[in-house]
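The values are calculated or read from the model by the stated rules, or taken from the named source; none is laboratory data. The structure presented is a predicted model; accordingly, all values stated were derived computationally and were not measured. Please note: Cβ atoms are built from the backbone with ideal geometry, for glycine as well, and neighbour counts cover all protein chains shown.
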């Protein structure tokens, strides 16, 4: 077995083993802090193996290793293989997952310190299980194994969103996230069935023909819309902020929601055959980018601003992949993972200090929390795409790819989203970190080293990851070239304008009010119109369909089974009368039968 495969196995199964140990040994799990440190140790080992694997892959960019075993034997062959695939794409995503997960776990040591010991152990058990599930998805050699990781990630998301399950809103948010994503996952399951029917396998590079590829990719995209929160299946993500803030950084900013984008990158040979699907992706991604950015502008909860920002940035990625810019979409996934995880953890640091999610309670934090303010500025500027930071390089690729593919209107939509991104992040910065100290901020202070170290670690790639784009492109076998042209300048100029407008409106101690022009949108967002639409659809269509299926099952399927049983019992009751138990009757029947057979033979 080669070194890369061994490293991948260490990265994958170390957190899996820790999750199993903590789950099966309740006394250890209930120790709280010791259990947490064991989980962090497993995460650090997984991260170390991932860093080594990534560095080794950088030195061998053309390497593509596959280690698998046959599974589900059928007709002398295997229905599928399970194992590991090591190439530039999987090695890069493995590093992203393990780095963010490690930072989140270390941050949680301080952030979750006040939790009861048993709950803390449960929290870190879920974390270890998540790392395993996500890496199972990332390292999958085919779509079938990815499906198992995909579903386990969804299960872990449900458990972590509902961590405070005694809180009704958290329990409801967990169920909502589970059902919306499971509904979308039906598309992935059906895509597997269609793919196997036409190709006899589950390979990434299958070529079933343009028409079949269109059907398969549309089904895959339905799953992506659920997992990566694209309109109109984005409704679960803002509610998922009911989970602890580190959970938001891990699942709903950097890794779990990126699984849909990763799926498209992996199956790009399939999507390349489906022009119609890619066009759908461009428009849905572009609309989601603008729609979610507008709603982020009217939020007052700092976590919900970042949640809608995540929806918006995922829209950028989906639109880029639809336009054929695989490098733009995948590189933005990578850079976004770093600066959005940084923003969520910085927001967690603030929430931990002021005990509130509302930005109106956070004024003047720069005077009390300088490190958190600095890293939040870095994350915000990178997210907005200001030149020199990581987000600029990946956004530039996306916008350039949109123009090169001839999608002028979506390009303009993404330019508008770039302005809105800078505006809503400027709104957060100026109201939460600058101006006069609020009452709750007067006693705010930085967290311990466990909270500060992850912020510094994530700020480094948020600042400098863009400068290594060409190395990443070589490892991913994609083309990259930075063009400092008018299009890139337009996006950067709009981002700077967005910050300037935010400063004019909020930079002088103004309250965190909704801009007048956006108040109708704020009312629409607060009304939960999409949620009510889905609830109505469930009542009108879902319940009636379920009732019809229940009637069919109860009276047709069960009725036929009950009828066959009744007929068998009745026939048995009738036939048993022939068994009188009287020997003379049996002798008479035998004699009569012999006579009848003899007569039949003679007469014949």
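Here are some notes:
- All positions within the stretch 165-178 that are in contact (Cβ under 8 Å) with a residue 24 or more places away in the chain and in a helix (DSSP H, G or I): 169, 170, 172, 173, 174, 176, 177, 178
- Checked against (1) in contact with a strand residue (DSSP E or B) (Cβ under 9 Å, 6 or more places away or on another chain); (2) surrounded by fewer than 19 Cβ atoms within 10 Å (Cβ to Cβ); (3) modelled with pLDDT of 90 or more, residue 34 passes all but condition (1).
- A count restricted to the stretch 448-471 and to residues that are surrounded by fewer than 21 Cβ atoms within 10 Å (Cβ to Cβ), touching a residue at least 12 places away in the same chain (Cβ under 8 Å) and under 24 Å from residue 62 (Cα atoms) stands at 2.
- Matching option when the condition is part of a helix (DSSP H, G or I), modelled with pLDDT under 80 and surrounded by 10 or more Cβ atoms within 10 Å (Cβ to Cβ), among 595, 533, 600: 533
- Those residues of the stretch 362-372 which are crowded, with 20+ Cβ neighbours inside 10 Å and either outside the structural domain of residue 438 (by TED's automatic domain parsing) or not in a loop (DSSP other than H, G, I, E, B) (or both), in sequence order: 365, 372
- Summed over the stretch 105-132, the residues that are within 16 Å of the chain's Cα centre (by Cα) and either free of Cβ contacts under 8 Å to residues at least 12 places away in the same chain or under 16 Å from residue 248 (Cβ atoms) (or both) give a count of 3.
- Residue match in the stretch 491-510 (condition: in a helix (DSSP H, G or I), in the same structural domain as residue 382 (by TED's automatic domain parsing) and at pLDDT below 75): no
- Matching entry among 394, 380, 349, 356 (being under 25 Å from residue 103 (Cβ atoms) and either in a loop (DSSP other than H, G, I, E, B) or without any contact (Cβ under 8 Å) to a residue 24 or more places away in the chain (or both)): 356
- The stretch 15-56, subset in contact with a helix residue (DSSP H, G or I) (Cβ under 7 Å, 6 or more places away or on another chain) and not in a helix (DSSP H, G or I), residue nearest to residue 473 (Cα to Cα): 32
- When residue 85 is tested against (1) within 27 Å of residue 479 (Cβ to Cβ); (2) over 28 Å from the mean Cα position of the chain (by Cα), only condition (2) is not met.
- Matching residues, the stretch 266-289, being under 14 Å from residue 206 (Cα atoms) and either touching a helix residue (DSSP H, G or I) at 6+ places or on another chain (Cβ under 7 Å) or in a helix (DSSP H, G or I) (or both): 266, 267, 268, 269, 270, 271, 273, 274
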